[in-house]
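Heads up: the structure comes next, in C-alpha cells.
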Amino acid sequence: MSTTDQTTYNGPDGLAEEEREALEALLYRLADDELVVAERYIEWAVVAPTIESDIALTNIAQDELGHARLWYDLLADFGEDERTLVFERDPASFRHSTLVELPFEDGDWADAIVRSYLYDIAEQLRLEALAETSYLPLRDRVGKVLKEERYHREHAQNWLERLVTSDEGTENVQVAVDRLFPYALTLFEATEEADERFVEFGLQTRSLGEMREDWLDVVIPFLESLGVDVPEFDDAADLLPEKLGRDGEHTDTWPALHADMTHSYNELGRPEPEKIMDRDE
Amino acid sequence: MIWEVFRQEKRGGYHTHCGNVHAPDREMALMFAEIQHARRKPTTSLWVVPKDDIAEVDAEETSFGGATDKSYRWVAGYTHTRPPETETAEDAAEVVLSAEQQDEAEKGREELNNA
C-alpha cells in the first residue's frame, strides 16, 4: 500500500534523473507488452474457430492497442513520438515479455486462450499495483483500462472452462500451458532499472516478486481446477526460459514480427505515422 | 446453436431485436453478443434468447387482425363528426369580465409592492 507521505508527480517536471529512468522503464514494459500481444492476437482475424470468437479476440486486441497508445502517450512527455516509439524503433530496445511475442502454431486456439489467460491475470495485478502510483498522469489512466480488462479475463476463463470439457481440448490446453507457463513468468522479471526503484519511488505499490506470488496464487489453483497440470518447481525462477524480453533479449521470432508490424510503414515510405486520434486526456 | 439478441438503448425502453450470435451456451452467447451487438451502439441492456425457444406465427398461416372490415378501429374510419357548438353572447361577456377582474387584481398587487 502507498504511504501517505509519498511524493506525487503531476508530470515530468520535478522527477529526479533516477526517477525518470525508472518511470520510463515501467512505461516501456507496459506499452510494449500491450502492443505486441495485440499484434499477435490480430493474426486470428478471419481464421478463429467461429466468426464470434474472431470478433471477440480481435476486439480484445483493439482494446490492448488502445492501452498501448495510452502508455506510449505518456512517453511522449519525454520527447518521444509514435515514430520513435514504434515504427522506427530498434527491435532490440523493446522490453515486452517474451510470452507475448511467441508465434501461434497454425490453428492452435488453445494457445491463444491460455496465453491471454496468463497475460490478463498478470495485467490485472499490474494495473492494481499502479492504481495509487505516484505519477499522477499514469494514475489517471489506470481506472478506465481496468474496466476493459474484466471482459478479457472472463473471455479467457469461459473459453478454458469449455475447452477442457473434452479430452482433446484438455490435451491442447495442457500442451499450451506447458509451453507458455515459463514464458509467462518473464512478465515479472526485474532488470537493472526495474522493480526496486518502481516501489522505492512509489511508481508501483507492489514489487514484481510480490505480484508474481499473487499471480501464482490465482493461476495455479484455477488451472488445476480444470484438470490441467502446472509445471512443478521449487523456485519459479528455475523455470524461466532463456530469453526474458524484459532485458531486450528476445526470441528469434521477434525480429520477424517487428518487421511485419512496421512493414506497411516502411514499404509505403510514409514520412510520418498516421495519427488518427488526438491525445487522450 | 443460434441465440437471438435484443438490445435496449435507453433504460425503460424496449429491447429491440438486433441480430444473433452462434454460441454453445447462454454465458458465451452473452459474451459474444456484448462485443458483436453492443460495442459500437449505445446500450443499457442485452437479452439473448435461444432461437428455438421463440415461438412464431406468420402472416401466411393466419390473418392478423381478422379478415372483415374493421375500419371502426381507426379514427380515420369516422368521416362524420358533429359541428362545434356556436358560442353565445353570454359566454363572451363572461370571458371579458374575468379578464378585467384579473387585470385589476394584478394592479392591486403592484400597488402593494410599491407602497
Task: Among A:Gly14, A:Pro221, A:Pro231 the positive-end extreme of the charge dipole of the protein assembly as shown (Cβ point charges) - done: A:Pro221
- [ ] Provide the per-residue ³J(HN,Hα) series for segment A:228-243, in order, calculated from phi with Karplus coefficients 6.51, -1.76, 1.60 and θ = phi - 60°, each as a whole number of Hz, with x at glycine and proline positions.
- [x] 10, 8, 9, x, 7, 7, 8, 10, 4, 4, 5, 8, 3, x, 4, 9
- [ ] Determine the dipole magnitude for segment A:185-281: charges of +1 sit on the beta-carbon of Lys and Arg, -1 on that of Asp and Glu, nothing else is charged, the reference point is the Cα centre, and the result goes in debye to the nearest 20.
- [x] 460 debye
TODO: At most 10 other Cβ atoms within 10 Å plus a DSSP loop assignment makes a site exposed; report the longest stretch of chain A without any exposed trypsin sites (Lys or Arg not before Pro).
DONE: A:1-274
Task: Residues in segment A:163-199 that a label on A:Asp238 would reach, taking backbone N under 16 Å of a point 7 Å out along Cα→Cβ - done: A:182
Open item on the list: Given R₀ = 45 Å, what would the calculated FRET efficiency be for B:Gln102 paired with B:Tyr78, taking r from the Cβ atoms and rounding to 0.05?
Closed with: 0.70
Task: Selection from B:His22, B:Ile2, B:Trp47 lying farthest towards where the dipole of segment B:2-53 points positive, charges on Cβ - done: B:Trp47
Task: Computed FRET value (nearest 0.05) for A:Glu88 with A:Phe222, which takes r as the C-beta separation and R₀ as 41 Å - done: 0.50
Task: Total formal charge among the other residues, if their Cβ is under 9 angstrom from that of B:Lys41, Lys/Arg +1 and Asp/Glu -1 - done: +2
TODO: Before rounding to the nearest 500, sum -39500 (n - 2.57) across all DSSP H runs of length at least 4 in chain A and divide by the residue total; then give [θ] at 222 nm in deg cm²/dmol.
DONE: -18500 deg cm²/dmol
- [ ] Could you work out the Kirkwood radius for segment B:2-53, taking every pair of different alpha carbons, averaging 1/r and inverting it, reported in Å?
- [x] 10.7 Å
- [ ] Would you pull out the residues with amide H under 5 Å of B:Ser45's amide H, same chain only if 5 or more places away, H placed 1.01 Å from N?
- [x] B:Gln8
Task: Cβ-based exposure ranking for A:Tyr151, B:Tyr72, A:Tyr9, in which fewest neighbours within 10 Å come first - done: B:Tyr72, A:Tyr151, A:Tyr9
- [ ] Using a Förster distance of 56 angstrom, determine the FRET efficiency expected from the C-beta separation of A:Val175 and B:Thr62, and round it to 0.05.
- [x] 0.50
TODO: Give me the distance in nm between label points sitting 7 Å out from Cα along the Cα-to-Cβ direction at A:Glu18 and A:Ala76, one decimal.
DONE: 3.1 nm
Task: Centre separation in Å (Cα based) which lies between segment A:90-123 and segment B:32-65 - done: 37 Å
- [ ] Scan around B:His17 for amide H atoms under 5 Å from its own, H built in the peptide plane at 1.01 Å from N, and keep only partners 5 or more places away or cross-chain.
- [x] B:Arg7
Task: Mean Cα-pair separation over length for segment B:2-53, i.e. relative contact order, pairs under 8 Å, 6 or more apart, % - done: 47 percent
Task: In segment B:18-47, the trypsin sites (Lys or Arg not before Pro) that fall in loop regions by DSSP, at most 16 other Cβ within 10 Å - done: B:Arg39, B:Arg40
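Taken together, the values in this text are just the output of simple stated rules run on the coordinates, not laboratory data. Note that this is a predicted model, so its numbers are computed, not measured. So basically every Cβ, Gly included, is an ideal-geometry build from the backbone, and we count neighbours across all protein chains shown.
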